[in-house]
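The values are calculated or read from the model by the stated rules, or taken from the named source; none is laboratory data. Predicted, not measured: the structure shown is a model, and the values here were computed from it. Backbone-built Cβ (ideal geometry, glycine too); neighbour counts: all protein chains shown. Only protein heavy atoms, including side chains, enter the accessible area calculation; ligands, DNA and RNA are left aside. Shrake-Rupley method; radii C 1.70, N 1.55, O 1.52, S 1.80 Å.
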Amino acid sequence: MFDQMTVTVYVGLAVLTLLFIMAVLAKLFRKAGPHEALIIYGLRGTRIVKGGGTIIYPMIEQCRELSLELMSFDVAPQQSLYTKQGVAVTIEAVAQIKVKSDPESIRTASEQFLTKRPEQREGLIRLVMEGHLRGIIGQLTVEQIVKEPEMVADRMRSTCADDMNKMGLEVISFTLKEVRDKNEYITNMGRPDIARIKRDAEVAAAEADRDIAIKRAESQRAAAVAKAQADQERVAAETASLTKQAEAERDLDIKKAEYLESTKRAQAQADKAYEIETNVQQQQVILQAVRVQQAEREAQVKVQDAEIARRERELIATVLKPAEIERQRIETLADAERQRLIKEAEGRASATRTQGEAEAEIIFKKGESEAKAMNIKAEAFQEYNQAAVFDKLISGMPEVVRALAEPLSRIDKVTIVSTGNGDAAGAYKLTGDVTKIAAQVPALFEALSGMQMSDLLSKVRIIGDKAPKPVPPSLSTSNS
């Protein structure tokens with residue numbers, strides 16, 4: 001039991017001792033971050049630890065931290081700086097400076113600034129920077145300072161580099177914040193540029209306006225050309241459409257015209273066929289009428305021939321035969337008496353012969369007159385068609401006038417109001433109208449018959465206007 005407790009105590013003491021040793025070691029161990037460096041100085045000399053750790057023995061060694069972070073501060077000299085032109089300017093700048101990371105620079109920086117506060121350190125650095133800035137500004141003109149700030153920064157970095165290296169520092173950047181002067185030199189300096197810029201701006205604006213106007217005109221022209229082309233294409237399309245419509249309408253009209261023409265042709269053919277058939281029928285009727293008339297004329301001619309033959313036979317029987325018999329009788333008596341009364345008979349025979357010739361001549365003239373009358377009648381019968389037509393027209397005219405005046409006969413009462421205007425008033429006006437109606441009848445006949453009355457009347461020959469026919473041979477023989 002005793003041994004176990006002893007062991008426990010010993011173990012506990014060992015643990016406590018170990019913990020104490022670890023706490024002491026932890027207290028003695030110092031670590032350096034990436035933004036700082038440890039400066040250890042003491043029994044073992046000066047050591048620099050950066051980015052690691054080390055044990056610092058108390059009482060024989062001391063440790064200080066040196067910041068490696070970037071330091072940014074304003075560089076603004078209180079006095080005016082004079083440029084190469086002698087112009088006083090006030091400059092405000094910003095500088096970024098840090099301790100270099102190499103051990104030698106850290107050692108140098110620790111020698112210069114390790115015991116100083118940050119504001120003291122920045123004051124020392126600002127004095128150095130302002131001195132170099134004054135020297136650089138004195139070498140430059142205002143225009144260079146204002147227009148070339150990068151050149152000023154580069155000169156500052158290159159000029160301060162040696163002094164910064166001696167302090168273990170480096171200039172990361174140097175930037176001019178503001179440059180001003182009390183005499184408005186900078187303001188006046190910018191006026192030519194402003195005027196030039198304004199002029200250039202105005203010229204550029206004018207050129208831009210011109211370009212815009214040109215572009216707008218070109219765009220409008222292109223738009224007008226496109227619109228014109230579109231209008232032309234539209235007009236061409238409309239024209240093509242109208243042309244197609246016109247062609248379609250023309251084709252339809254042509255088809256309609258062809259159909260109408262074929263219909264009219266068929267109708268005309270039908271009408272013509274009907275008219276031809278009607279004309280054929282009329283011609284047949286006329287032919288039959290002509291045949292009837294020819295038959296009538298032939299019958300009349302036969303009747304006339306029979307009448308002429310009868311007349312001839314009657315003439316021969318009644319005139320020629322008795323005359324022949326009487327002549328023979330007289331010749332016989334004359335022959336008988338001639339033997340007896342030769343001398344006396346010669347005178348008497350001469351007288352008797354003269355008397356016989358006179359009687360024969362009378363008889364011959366009478367027969368010739370009758371034959372001529374028969375010939376004239378036969379010719380009159382041959383011309384019976386025209387004469388009959390004229391006779392029918394003349395004889396039918398009263399019937400036509402009667403038919404035209406028939407509506408007047410149906411009037412119960414006629415009231416005549418005379419204005420006293422001469423002969424053209426009163427009852428004379430009524431009879432005059434009837435006379436005018438009757439005067440239109442020949443024109444009606446001409447319209448119905450298709451022949452002029454004057455032509456029809458000119459074709460009717462006057463009776464006896466032809467030369468008489470020759471005397472039959474029988475009569476001439478008998479006469480001789």
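Rg and Dmax over the alpha-carbon atoms of region 1-155 stand at 26.7, 101 Å. For region 104-195, the residue among 168, 185, 124 whose Cα projects farthest onto the positive side of the dipole built from Cβ charges is 124. With both labels modelled 7 Å from their Cα along Cα-to-Cβ, the residue 326 to residue 239 distance reads 11.5 nm. Annotation: amide H of residue 173 within the under-5 Å range of 96, sequence separation 5 or more or interchain, hydrogens built in the peptide plane. Accessible surface area normalised per residue over region 98-218 is 61 Å², counting heavy atoms of protein chains with a 1.4 Å rolling probe.
Each residue of region 14-31 is assigned a 3J(HN,Hα), and the resulting list reads 5, 5, 4, 4, 4, 4, 5, 4, 5, 5, 5, 4, 5, 5, 7, 7, 10, 10 Hz, derived from the Karplus form 6.51 cos²θ - 1.76 cosθ + 1.60 (θ = phi - 60°), x at Gly and Pro.
Ordering of 61-70, 294-303 by packing is 61-70, 294-303, highest average first (other Cβ atoms within 10 Å, averaged per residue). Taking 1.306 mPa s as the viscosity and 10 °C as the temperature, the Stokes-Einstein diffusion coefficient of region 1-85 based on its alpha-carbon Kirkwood radius rounds to 91 µm²/s. Net charge dipole, region 82-208: roughly 320 debye, given to the nearest 20, about the Cα centre with Cβ charges of +1 for Lys and Arg and -1 for Asp and Glu.
Close amide H pairs (under 5 Å, H built 1.01 Å from N) link residue 71 with 97, 98, residues at least 5 positions away or on another chain. Placing R0 at 60 angstrom, the Cβ-Cβ distance between residue 264 and residue 309 gives a FRET efficiency of 0.45 after rounding to 0.05. Each residue of region 138-144 was assigned a 3J(HN,Hα) from its phi angle through the Karplus expression (A = 6.51, B = -1.76, C = 1.60, θ = phi - 60°), giving x, 8, 10, 8, 5, 4, 5 Hz with x at Gly and Pro. Here each label is just a point 7 Å from Cα along the line to Cβ, and for residue 362 and residue 186 those points are 18.4 nm apart.
Split the accessible area of region 115-169 by element, probe 1.4 Å, and carbon with sulfur accounts for 51%. Annotation: peptides 146-159, 245-258, 43-56, ranked by per-residue average of other Cβ atoms within 10 Å with the highest first, follow the order 146-159, 43-56, 245-258. Most tightly packed first, judged by the mean number of other beta-carbon atoms within 10 Å of their residues, the peptides 102-109, 90-97, 71-78 read 90-97, 102-109, 71-78. Under 5 Å from the amide H of residue 47 lie the amide H atoms of 40, 41, each residue being 5 or more positions distant or on a separate chain, with H modelled from the backbone and absent for Pro and chain starts.
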